[in-house]
Each structure stands twice: as C-alpha cells, then as structure tokens.
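Asks: Take a look at the following structure, please.
The values are calculated or read from the model by the stated rules, or taken from the named source; none is laboratory data. Values in this document were obtained by computation on a predicted structure and should not be read as measured data. Cβ: placed from backbone, ideal geometry, glycine included. Neighbour counts: every protein chain shown. Heavy atoms of the whole protein, side chains included, go into the accessibility calculation; ligands, DNA and RNA do not. Shrake-Rupley method; radii C 1.70, N 1.55, O 1.52, S 1.80 Å.
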Amino acid sequence: QIRPVLNTASEHIFSTPLQQIVCGKFRSIAYDASSTEQPDSGMPNQLIYFADPMCSWCWGFSPVIDRIRDTYGDDLPVMLVLGGLQPGNTRPLNDETKDSIKEHWQHVFDRSAQPFEHAFFERDGFVYDTEPPSRAIIALHSLANDSSLSSLKAMHHAFYAENRDVTDADVLADIAEE
C-alpha cells in the first residue's frame with residue numbers, strides 16, 4: 001500500500017513533520033552494517049521514497065521505482081513522502097535560475113535518458129511552486145487508493161516531457177482525468 005505524505009515547511013492539512021515520520025514510525029532504521037542480522041523492530045519492510053513532482057532527479061529515478069515495484073510488488077510496500085523542493089514559492093524564475101535548472105536537467109538526462117521538453121525555458125514569469133502538484137497527488141490518492149506512484153509519474157511526465165504547467169489547477173484536473 002502506498003501512503004503519500006506532503007512534507008512542507010509550513011503546517012497544512014496534509015502535512016506530517018518529517019521527524020514524526022522517521023522517529024515515530026521507524027525506530028530501527030539504522031543498524032550495524034557489518035552485522036549479518038538486521039534488528040527485529042517488529043515493523044514490516046518498506047521503502048520510504050522521498051520525492052517531489054517537480055524534482056528532475058525524481059523524474060530520472062522513475063524507471064528505477066518502476067523496476068522496484070515490478071520486482072518486489074506487495075513484498076516491499078512504498079511510502080511516498082511528497083514535497084519539500086519549493087513549496088509555496090512565489091518568485092518567478094529568472095534567467096540565472098533557468099540556467100541552473102537547465103544544467104540539472106542535462107545531468108539527469110545524461111544519467112537516465114528520461115525525456116525533457118526544453119520549451120519550458122521560454123516561459124516568462126513561471127513560478128516554480130511544487131506544492132500544487134504534491135497536493136493533487138494526495139487528493140488523487142484519497143479518491144483512488146494506491147495510485148500515488150502512478151500519479152507522481154503522470155505529473156513528472158506532464159511537466160518534464162510535455163512542458164505542461166503542473167502548478168495550474170486546470171492542468172492538474174486534466175492530468176487527473178487522464
């Protein structure tokens with residue numbers, strides 16, 4: 001079962017502080033790597049995947065997550081923790097920031113071959129606010145249980161490969177309908 005959590009700096013209805021996620025639920029994450037035995041914490045194994053719908057490295061990592069799910073299925077549940085890249089940002093991108101993002105996208109492409117639509121950089125006044133698509137994924141999860149990773153993948157693809165504005169409510173609604 002995939003359980004998304006929006007983790008932002010500000011307190012919102014969907015927010016769960018990272019400390020609560022890590023400390024409250026996963027007491028025995030760390031163990032002696034030289035030991036052949038892992039401690040029995042009484043908790044099932046699971047993958048905690050920290051991601052953001054507007055994180056290029058997360059988009060690059062998408063095929064790996066697909067492979068993990070295909071390989072382990074229900075034997076390795078995934079807890080998706082969303083948000084944190086730039087939630088609530090209100091500043092439009094300037095040329096310097098666009099250049100930095102271009103460089104990141106090139107690094108991700110070089111390592112993953114995931115597609116990027118560079119027409120994005122021709123936009124004027126775009127505000128890189130990662131909270132709307134994160135909230136949309138959580139909303140979709142509540143409507144269609146266990147769709148979080150497929151929703152994240154759809155957001156990634158829409159933003160990176162199709163140059164769609166995943167901060168726009170109408171675009172998010174269209175993605176949800178697809």
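Asks: What shape does segment 100-155 have by the C-alpha gyration tensor, where a ≥ b ≥ c are the square roots of the eigenvalues, rounded means a/c under 1.5, and otherwise prolate means a/b greater than b/c and oblate the rest? Let's see the in-between values first.
Replies: Numbers: a/c = 3.16, a/b = 1.61, b/c = 1.96.
Verdict is oblate for segment 100-155.
Asks: Something else about it: So what J values fall out for segment 160-171 if you push phi through Karplus, 6.51 cos²θ - 1.76 cosθ + 1.60 with θ = phi - 60°, rounded to Hz, Gly and Pro as x?
Replies: Working through the residues one at a time gives 7, 8, 10, 6, 8, 7, 6, 9, 8, 4, 5, 5 Hz.
Asks: Rounded, prolate or oblate: which one fits segment 41-111, using the alpha carbon gyration tensor with axes a ≥ b ≥ c (rounded when a/c is under 1.5, else prolate when a/b beats b/c, else oblate)? Intermediate values should be presented prior to the final figure.
Replies: Working: a/c = 4.18, a/b = 1.89, b/c = 2.21.
Oblate.
Asks: Right, here's the next one. Kindly sort LEU172, LEU85 by accessible area of their heavy atoms, largest first, with the probe set to 1.4 Å.
Replies: These residues rank, largest area first, as LEU85, LEU172.
Asks: What order do you get for 101-108, 130-137, 115-122, 68-75 when each peptide is scored by the mean count of other beta carbon atoms within 10 Å, highest first?
Replies: Working: 101-108: 15.2, 130-137: 25.0, 115-122: 13.4, 68-75: 11.0.
Most protected by this proxy first, the peptides run 130-137, 101-108, 115-122, 68-75.
Asks: Would you mind telling me the share, in percent, of accessible area of segment 40-157 contributed by carbon and sulfur at probe 1.4 angstrom?
Replies: Details: 3190 of 6300 Å².
Carbon plus sulfur share of accessible area: 51 percent.
Asks: Calculate, for segment 53-161, the solvent-accessible area per residue in square angstrom, rolling a 1.4 angstrom probe over the heavy atoms of the protein chains. Let's see the in-between values first.
Replies: Working: 5530 Å² over 109 residues.
Per-residue accessible area for segment 53-161 comes out at 51 Å².
Asks: What ³J(HN,Hα) values, in whole Hz, does the Karplus curve 6.51 cos²θ - 1.76 cosθ + 1.60 give for segment 79-96 when θ = phi - 60°, with x put for Gly and Pro?
Replies: So the J values, rounded to whole Hz, are 9, 8, 10, 9, x, x, 5, 8, x, x, 4, 10, 8, x, 5, 9, 4, 5.
Asks: Considering amide H positions built from the backbone, and no H for Pro or chain starts, which residues 5 or more places from PHE50, or on another chain, come under 5 Å of its amide H?
Replies: Distant-sequence amide H within range of PHE50: VAL81.
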